[in-house]
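In what follows, a single structure is set out as structure tokens and then discussed.
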Amino acid sequence: MQKKVIRFMEEHHMVEKGDCVLAAVSGGADSLCLLLVLLGLRQEWGLRLCAVHVEHGIRGEDSLQDARFVEMFCKNHNVPLKIFRCKAEAYAKAHKMTVEEGARALRYGFFEQAEEEFGADKVAVAHNQEDWAETMLFHLARGTGLKGMCGIPPVRGNIIRPLLCAGREEIEGYLSARGQSFCQDKTNGKLLYARNKLRHQVFPALKEINSQAAAHMAGAACLVAEAVELVEDYTLEAAKKYAVPKKGGLAVSIGILDEKPIIQKSLLHKAISEAAGGSRDISGFHVQQLLGLFGKQPGKMLDFPYGIRAERVYEGVLLKKRGCMPNQHLSAGKKRFQRETEGGMPEQRFFAEGETREGSAPMQNPAAEEGTGHLAGQFWELPINGTLEIPAFGYEIRTKILENHFQNEEIPKKMYTKWLDYDRIKGNMHLRTRQEQDYFVISPDGRQKKLKKYFIDEKVPRQQRGQVLLLAEGPHVLWAIGGRISEDVKVTEETKRVLEIRVYGGNIHE
């Protein structure tokens, strides 16, 4: 099996000689197998190995025993280890998540922290072939397009999954042959969790039909991923012909109707997403609506999520923000947790800023158009229970304090409506653009990330970073408007007063 995993790693260019690889080790069969495989490559490939373990505080003494087991294993194999402890159930409840989602969010946050502390180049996680097939089926059950059918990608940024080519029986056989014990997570048998229902009810039935069902589904996911890549290439070629940046938005010419339906839909989905600066709430229904607009008379309009308006014009369709300066917003759909849970391929932009095709007008710098290039050093104090207008951004910002009856309400997940724990804000809040020392608090234990690093991670173009409006107290960024909020001010079960902030563009909120 080790040779099989090595071939898979080489096929997907997972590591380079001399890399520092951080292995996520739970103590279960998959993660121990992963670490043993990497140990076998340590000398041959000149790898530096380190490990991270997250004790979620869910399973009491069993969870603590797993942490001690991993600690002893790593000590015996001379692998530096970082252990994080948290309360996943409390975190999930406070953030209106399932326990699975909350544990995952915490886990990947801790992986990122350990990665920075060890200076790791890659983070290796132990998803196996059945996990790959389960994810594909899970996405199908929820409703998905081609990207969701790709399941779990073998490589996503610096996250690598060397065991995706191996099944659970192979992995446990590998450990048995080496006489290696491992931890058993009793919650894996509980049908409370959606994936466990697939694992214990659906897949046994599939394996009765064909014992290699999981392997065949993983193979199909690979084929779908290749098809997605091909569609992406054709879509980008079509974009050069039919998608033209215009002042205030993006125009798609009616010539797109000459393309195959799959290219039409792919390009229009990307067009709405790019105009919006986010894709999480853009569905196939919206794409179908936009496609139908090409058959309407000029002047007809449709509204889409993220404040996007599509107008039928003579040459096709024009997409633009309603009353807002375009391209200044951060995408809420590109956070690491969302990348990890949604699957699929990385998105690409149609055009770099200022890029044009022959015969089209150059795309204007939004800061130059709206005067935001002159806003550096200007501050606007945020009123409480009031309204603030910032004409240069096209924003109207309304705030109010919620002291009663908010406990039973769902925390808003919109890009331009946020709840903050008012009592955790100590200083005066100002709205402004970025400054040199700006930072977010990004984890429950108070870990910080520079705003510059956040912009890089979110792939915000350099020329747009000075156009993002920030809510801050001193250098502490509470909210990048349209993007994330600081972990330090998130609403929890202990919150007594909520500051609700709603940002409107023109007269219409998202």
Exercise for the section: For ARG178, put the label point 7 Å out on the Cα→Cβ axis and report which residues of region 7-38 keep their amide N under 13 Å from it. Expected result: 27-38
Exercise for the section: Compute the length gained on full extension between ILE456 and GLU389: take 0.36 nm times their separation in residues and subtract their Cα-Cα distance, giving the result in nm to one decimal. Expected result: 21.2 nm
Practice task
Mind jotting down the three principal axis lengths of region 1-112 based on Cα atoms? Whole angstrom, largest first.
Solution key: 45, 29, 23
Completion exercise
Note: GLU61 to GLU409 extended length (0.36 nm per residue) minus current alpha-carbon separation gives 121.9 nm
Problem - Modelled FRET efficiency - R0 56 Å, LEU291 with GLU381, Cβ distances, 0.05 increments - result: 0.80
Fill in the blank from the handout: FRET efficiency (GLU117, GLU10; Cβ distance; R0 35 Å; to 0.05) is 0.80
Fill in the blank from the handout: Check: C-alpha center region 224-279 vs C-alpha center region 60-87, spacing in Å is 48 Å
Completion exercise
At R0 = 60 Å the Cβ-Cβ FRET efficiency linking GLN201 and LYS241, nearest 0.05, sits at 0.80
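Only the coordinates and a few stated rules stand behind these numbers; no lab work does. In this text the structure is predicted, and so the values were computed from the model without any measurement. As a convention, Cβ positions derive from the backbone with ideal geometry for all residues, glycine included, and neighbour counts pool all protein chains shown.
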